[in-house]
Amino acid sequence: MSVPLAQPEPCELLPWDTAFFGFRIGRVRGDALTMPLAHQVDAWSRQNALRCLYLLAQADDPVTTCTAEDHGFRLVDVRVTFERQGLADAAGAQPKSEPASCMRLARPDDLGELQAQARSGFTDTRFFYDTGFPRHLAESLYATWITLECQGRAQAVWVCTSASDHPVGYISCHVDPSRSAGEIGLVGVSSQAQGRGVGQALVFNALRWFAAQGVGVVTVVTQGRNRAAQRLYQRCGFLTSNLQLWYHKWYPAQEQAH
């Protein structure tokens, strides 16, 4: 007699997020939500003493969006994915004003400055928008993120420097050799250097680096409310490839005891 397969749990616990923020955080599996699934999600979340639950949903599914709203999920971010294919022309497409001569790989002694820039450079993200996350932890999240990128999570972290070799911007690069695909992780420009073409210089430098690694397509993610980043990627030849919605649901602290 065959044994029926166990049904996968509707959510998963996120150990890293839980440890970082100091309360239990999970995520709904998949990108769709129905009424029956929403009840299973709530039961699982309470059973696992969750404080916050993430849902990343496709933007074109009215059943999911309506169910999320009816069950206490709050829309906190629009996740926009950009894609650029055909990197062979990246060098020729760079603007003449690009300060390419100030590009170099990040060094360990750059980390303090990059952390400082990261703390204030991502206020358009969902962790700043959702006031359930303490502001100081949202800032620390991105300082930690760029630290991990520099310590080896990214294959390369490039910085743009001033004439005194002081970092004024950075970009982290990831490569998936199995798919010949690249992904831009974090991009940041110091407040003093904004409006000088540093962001565009960083992106074109990354594209040339990706091309040298044999990458055929590069993606990057930003927020719907971050119009400046969207215009930057469009100027660099990226096109929108996907649009998703980030929802958060908070469970009252007293429910964690049940």
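All of the numbers you see were taken from the coordinates with simple rules; none came from a lab. Nothing here was measured: the structure is a model prediction, and the numbers come from that model. Positions of Cβ are backbone-derived with ideal geometry, glycine not excepted, and every protein chain shown enters the neighbour counts.
Restricting the search to segment 127-139, which residues are surrounded by fewer than 18 Cβ atoms within 10 Å (Cβ to Cβ) and among the small types (Gly, Ala, Ser)?
Within segment 127-139, just GLY132 meets the criteria.
So TRP246 fits all but one of (1) touching a residue at least 12 places away in the same chain (Cβ under 8 Å); (2) under 20 Å from CYS150 (Cα atoms); what number is the exception?
Of the numbered conditions (1) touching a residue at least 12 places away in the same chain (Cβ under 8 Å); (2) under 20 Å from CYS150 (Cα atoms), the odd one out for TRP246 is (2).
In this structure, does ASP110 turn out to be more than 22 Å from ARG235 (Cα to Cα) and either without any contact (Cβ under 8 Å) to a residue 24 or more places away in the chain or in contact with a Pro (Cβ under 8 Å, 6 or more places away or on another chain) (or both)?
yes
Across segment 164-188, what is the total count of residues that are among the small types (Gly, Ala, Ser) and either touching a residue at least 40 places away in the same chain (Cβ under 8 Å) or surrounded by 16 or more Cβ atoms within 10 Å (Cβ to Cβ) (or both)? Walk me through it before giving the result.
At the first step, the residues of segment 164-188 found to be among the small types (Gly, Ala, Ser) are 164, 169, 172, 178, 180-182, 185, 188.
With either touching a residue at least 40 places away in the same chain (Cβ under 8 Å) or surrounded by 16 or more Cβ atoms within 10 Å (Cβ to Cβ) (or both) added as a condition, the list becomes 169, 172, 181-182, 185, 188.
Total satisfying the criteria: 6.
Please name all residue pairs, on different chains or six or more residues apart, with Cβ atoms under 6 Å, provided the first residue is in segment 28-52 and is free of Cβ contacts under 8 Å to residues at least 12 places away in the same chain and over 21 Å from PHE127 (Cβ atoms) and the second residue is assigned to a helix (DSSP H, G or I) and not charged (D, E, K, R).
none
Determine if segment 59-70 includes at least one residue that is closer than 30 Å to GLY214 by Cβ and either over 21 Å from the mean Cα position of the chain (by Cα) or among the aliphatic types (A, V, I, L, M) (or both). Quick ask: steps written out before the conclusion?
Going residue by residue through segment 59-70, those that are closer than 30 Å to GLY214 by Cβ are none.
No, every residue in segment 59-70 fails to be closer than 30 Å to GLY214 by Cβ and either over 21 Å from the mean Cα position of the chain (by Cα) or among the aliphatic types (A, V, I, L, M) (or both).
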